[in-house]
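Take a look at the structure set out below.
Nothing in this text is a laboratory measurement; each read-out follows from the coordinates by a stated rule. All of these numbers come straight from a predicted model, not from anything done at the bench. No Cβ is skipped: glycine too gets one built from the backbone with ideal geometry, and neighbour counts run over all protein chains shown.
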Number of protein chains: 2
Amino acid sequence: MQPSGDLRTEHNSVRAMTSEQLSDRRAGILQLVIQDYIETATPVASRHVVEKYALPASPATIRHEMHALEQGGFLTHPHTSAGRVPSNRGYRHFVQSLMGHAELGLAEQASVRHQFFQAAPAVDEWVELAANVLARSLGLLVIVAPPHPERLRVRQLELISLNELLVLMIVVVQEARMIRQLMPLPQPIEVDELDDLATRLSWMLRGQSAPDVREAARQAIDAPDTHPVEHFVLDTLAQVLDRDAQRAGVPAIAGLGGMMAQPEFQQVPERSLELIELVDQHAAEDLIPSGVIEEVTIDGAMHVLIGDDHPTELLQDCSLVLAPYSSSTITPDSPEIPGYVGVIGPTRMNYPRNIAAARFYSQLLQEMIDAVYGVSR
Amino acid sequence: MQPSGDLRTEHNSVRAMTSEQLSDRRAGILQLVIQDYIETATPVASRHVVEKYALPASPATIRHEMHALEQGGFLTHPHTSAGRVPSNRGYRHFVQSLMGHAELGLAEQASVRHQFFQAAPAVDEWVELAANVLARSLGLLVIVAPPHPERLRVRQLELISLNELLVLMIVVVQEARMIRQLMPLPQPIEVDELDDLATRLSWMLRGQSAPDVREAARQAIDAPDTHPVEHFVLDTLAQVLDRDAQRAGVPAIAGLGGMMAQPEFQQVPERSLELIELVDQHAAEDLIPSGVIEEVTIDGAMHVLIGDDHPTELLQDCSLVLAPYSSSTITPDSPEIPGYVGVIGPTRMNYPRNIAAARFYSQLLQEMIDAVYGVSR
DNA sequence: CGTTAGCACTCTCGGTCGGAGAGTGCTAAG
DNA sequence: CTTAGCACTCTCCGACCGAGAGTGCTAACG
C-alpha cells in the first residue's frame, strides 16, 4: 500500500453543495476568513479582512458576502456583534476544494530525515521519535502507531539458562521483531539438554505462528519420549506470540503540552482534563475512532475528520488528520494491520501543513521500515 | 540496601523548634487543622474544627491557639477573614512528629501483589505497572525508575543474519537485560562464519563491559588474520553497551490526569501547563531534583521534600515523597544506581498514605527483582 | 490566668450596572 | 452591484454593593 495523495473527508459523498456553488469571490473570501482564523484564533471581522489583505472592496460588500456564506452554512458568528468563524462545513469545503496541495519544506524534510537516521534502528524507536518530533513541530497532539502483523511467525528460538529453574526465552519472529520472556521452569533441566531443545525447536517451528505452536504443544504431550519441559516451553511460546501480537501495535502519543497551550483549551478546564486523562492512560482507541481505522485498513488513503465527524463527544471541536502506512513485507499469508500517523488538534488547525506533515512522516516511516526490514532472506 | 523505615525531610537538621515546643493541645490542634485541610482543601475555620471534631472548647479558644500556631510559623491564612492553612513548616512538623506510621491496607497490598504477578516478568513492565497502578490509586503524579547498573557486562552474544548485509545483534547482559541492535554490515559475511564469530566472541567477552570491549576491538584491528567484520561488531557492541546503560534507567511517569484534577491545579492554568509540558517530554530530571537522587543513592533512605525544599520554582507548592530501592545483585564490582518510587502532589497531600504506598511499592519492586534476577549462576 | 461571649472589622464572592468598543444588518443613495 | 451611514446588539471590563465568613480584640467570668 502506497500512501496515496487521495484525501478523504467524512460526508464527502454528500454533495449538498451542488445546489449552491460558490462564486469565485465568495470562495476567495471564505478562504481568507478561514486562513485568518486559523492564524489568529479570533473571529474575523469584515473590516479586518479588507485592510489586512487589501481587498478591492469595502467592508460592507464583504459583509454582504459573509452573510451569504453564513446562509450557506460555511460560517457562523458566536454572537451578533462578533466577527465570523468557520463552521465545520466551512472547514470541510476548505480542505476539499480551497486549500492547495502543500509539501513540507525541504529544509525541514532533511532535518527530520537526519534525526531518523541518527536513531537506533528499531520500529518502536522510530514511532516514538516520529510522535515526539512531529508533536513538537506542530504543537498538537500526535499519535503514531507502527504497522503490525496479525500473527507473528517464529524465525528463531533461543533459550538461555539464567539459573536452574529460570530460563530467558528469546524469540525472533519473521517480521524482525524480537520477544523476550522470562520463564520459571516447573522442573530443572540440564544446560546441554536446554541447548539441544532450543536448536531443535528453532528448526521445527520456523515459520509457524501461535496456532501451529499450540498444535505442536499438544503433540508433545502425547509423545512418550519428550522432556516434560518441552511442552512447557511450547505452551509459553504460544502465549507469548499471542501476547506480543497485541502489544506490537501500541501507539506512541506525544504533544499534550503543545495541545493544551492552544487557545481553545485555555478556557475550558473540564474538557482539557478529560483529554489529559485519556492521554495519561494511553487510550489511543478513544482518541481515534475505530471506524476510521477500519476504513483506513481497507482503502489506505489519508483521512481528515472534521469536528462533529468525530463520534467521541470529547473531540467535538477537534479535527483529526490520519495518514496510514504499511510495510512492504505484507503478503497474502501474513496480513498486516497498517500503522498510522495521526494529528489531533482544534478544528482551527493548519490543515495544509498538518496534512503535508502527516503524509511526509508516514511515508518516511514506511521507507525506513522497508529499508531495514523489507528484504529478508 | 534495604528500604529503611527511616524518614528524611530536608531542613531536619535545623532544630529551630527547640525554642518553642508545642503544648500537647496546640500540637493536637495543628494535627486536626492539617488533616482537615488535606481532606477538604479549604482553609479551616476555628468554628468548623470545633464542631466537626467535638472539641471541648469554644471557637474563641481554638482561635487563640491557632493564632499562636501562626506566630510559630506553622499556619498561615490567605487573607484576614479566611480559615487557617498549614504552612510548609507546619507540614514538615506534621510529617516528622505528628503523623503516625501507616501501612497500606492488607487488601490493597494483596490486590497490588496480584497485579504484579499477572504481569510479564520484566523490569520495564513492572516499573510501568507500578507507576500506573500507584498513580491511579493516589490520584497524583508518580514517577518510578528501575535500578540500573552503571556498567553493563556481556553475558552472551547472538548474531542473527537477516540478509546479506544486515545482522540483528542480541546481547544478553549479566544483569539479565537484553539489548538488540540492527547492524548494517560494511561488507558481506557468510552465515557460517557469522555463527562462528558469534560463539567465539560470546566466549571471549563474557563478563566484560564497554571499556574491555573497546580494548578487544583495538586488538582485533591489529591482529592480521581476523575477519574485518569482527572489529565492526566489537565496535558496535561497545557503543550499544554504553547507550543501553543510559537507557536502562528511564523512569515511567503516570498520573497526570489525577494530578490535574486536584483542586490546586484547577485555577492556575499557566502552572498546570508547565507541568503538562514536563510530563509530555518525560523530563523526570526536572521533576525530581538531582540533589535528592544523589543523597538517596548514598543513604538509601526515604525522603520527603516539602514545598520550597524543592529547587524548581514550578513545584513550589508541591511535595515529593521518594522511596529508593535497589536490587540485591549489587556487588562492589558492579555498582548500581538505585531505582525509586516518587510521588509528586500538592503540599496538601495525604502524607501518611503516600509514604506508606511509596514504601510498599518500592519494597515490592525490590522483592520482584530479587526473586527473578537475584540469583544468577 | 485560662476560657469564652460579643462585636467590630476585614476580606472574598457573586451579582448587577453601565459605559466603551467592536461588528453587524439594514437602508438608501451612488 | 457597491458603498456610506447609522442604529442596534452583544461582549468585555471595571466599579460597586451586599451578603457571608472568620478573625482579632476586649471585657467579663470561673
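Contact order normalised by length for the range B:19-98, with contacts defined as Cα pairs under 8 Å and 6 or more residues apart; what percent is it?
Working: 85 pairs, mean separation 27.0, N = 80.
Relative CO of the range B:19-98 lands at 34 percent.
For chain B, the longest principal axis of the Cα atoms and the long axis of helix B:351-373 meet at an angle of about 20 degrees. Across identical copies of the chain, B:T312 has label-point separations of 2.6 nm, listed in ascending order, with the point defined 7 angstrom from Cα along Cα→Cβ.
For the pair B:A107 and B:V250, a Förster radius of 35 Å applied to the C-beta separation gives a FRET efficiency near 0.65, rounded to the nearest 0.05.
Within the shell of other residues whose beta carbon sits under 11 angstrom from the beta carbon of A:F360, the net charge comes to 0, with Lys and Arg scored +1 and Asp and Glu -1.
Does chain B come out rounded, prolate or oblate, given a ≥ b ≥ c as the square roots of the eigenvalues of its C-alpha gyration tensor, rounded meaning a/c under 1.5 and, failing that, prolate meaning a/b above b/c? Numbers along the way, then the final one.
On the way: a/c = 3.01, a/b = 2.86, b/c = 1.05.
Verdict is prolate for chain B.
Taking label points 7 Å from Cα along the Cα-to-Cβ direction, A:A82 and B:Q219 give a separation of 7.5 nm.
Hey, if you drop one equal point scatterer on each alpha-carbon of the range B:12-106 and run the Debye formula without solvent, what base-10 log of I(q)/I(0) do you get at q = 0.14, 0.18, 0.24 Å⁻¹? Ignoring solvent entirely, the Cα scatterers give -0.50, -0.81, -1.34. Take the protein assembly as shown, compute every pairwise Cα distance, and split them into 10 Å bins from 0; I just need the percent in each bin. Bin by bin from 0 Å, the calculated values are 2, 12, 18, 21, 18, 14, 9, 4, 1, 0. Ordered by the number of other Cβ atoms lying within 10 Å of each residue's own Cβ, fewest first, A:L364, A:L256, A:L165 fall into the sequence A:L165, A:L364, A:L256. From the alpha carbon centroid of the range B:216-258 to that of the range A:208-267 is 27 Å.
Sum -39500 (n - 2.57) across every DSSP H segment of at least 4 residues in chain B, then divide by the residue count to get the 222 nm mean residue ellipticity, nearest 500.
Details: 15 runs with 179 residues, N = 377.
Estimated from H runs of four or more residues: -14500 deg cm²/dmol.
Expressed as a rounded percentage, what relative contact order does the range A:82-221 have, with Cα pairs under 8 Å and six or more residues apart?
Values: 124 pairs, mean separation 23.4, N = 140.
Once normalised by length, the contact order is 17 percent.
Let me know the mean shielding of B:275-281 by other chains, meaning the per-residue number of their Cβ atoms within 10 Å of its Cβ. Provide the component values of the computation, followed by the final result.
Details: counts 1, 10, 5, 1, 5, 14, 7.
Shielding by partners across B:275-281 averages 6.
What is chain B's relative contact order, in percent, from Cα pairs under 8 angstrom and six or more apart in sequence?
On the way: 582 pairs, mean separation 83.4, N = 377.
Answer for chain B is 22 percent.
Helix A:191-205 and the long axis of chain A differ in direction by around 50°, with both axes built from C-alpha atoms. Between the listed residues A:V133, A:I189, A:H48, the Cα displaced farthest toward the positive end of the dipole of the range A:48-199, a dipole computed from Cβ unit charges relative to the Cα centre, is found at A:H48.
What is the average number of partner chain Cβ atoms found within 10 Å of a Cβ in A:39-46? Don't skip to the end; give the middle numbers.
Working: counts 0, 0, 0, 0, 0, 0, 0, 0.
Averaged over the peptide's residues, the number is 0.
Sorted from closest to farthest, the other copies place their B:S81 label points 3.6 nm away, with each point set 7 Å from Cα along Cα→Cβ.
Distances between copies of B:L165, taken at a point 7 Å out from Cα along the Cα→Cβ vector and listed shortest first: 5.0 nm. Rounded to the nearest whole Hz, the Karplus-based 3J(HN,Hα) values (6.51 cos²θ - 1.76 cosθ + 1.60, θ = phi - 60°) of the range B:72-77 follow the sequence x, x, 8, 10, 9, 9, with x at glycine and proline.
The range A:169-189 and the range A:291-363 have Cα centres lying 34 Å from one another.
If you rank A:L197, A:L104 by fewest surrounding Cβ atoms within 10 Å, what's the result?
Working: A:L197 20, A:L104 17.
By the 10 Å Cβ count, ascending, the order reads A:L104, A:L197.
Can you compute the FRET efficiency between B:L165 and B:T297 using 1/(1 + (r/R0)^6), with r the Cβ-Cβ distance and R0 = 41 Å? Round to the nearest 0.05.
0.40
Going from the residue with the fewest nearby Cβ atoms within 10 Å to the one with the most, B:F117, A:F94 rank B:F117, A:F94. Angle, helix B:59-71 long axis vs. longest principal axis of chain B, Cα atoms, 0 to 90°, nearest 10? Here the helix axis deviates by roughly 50 degrees.
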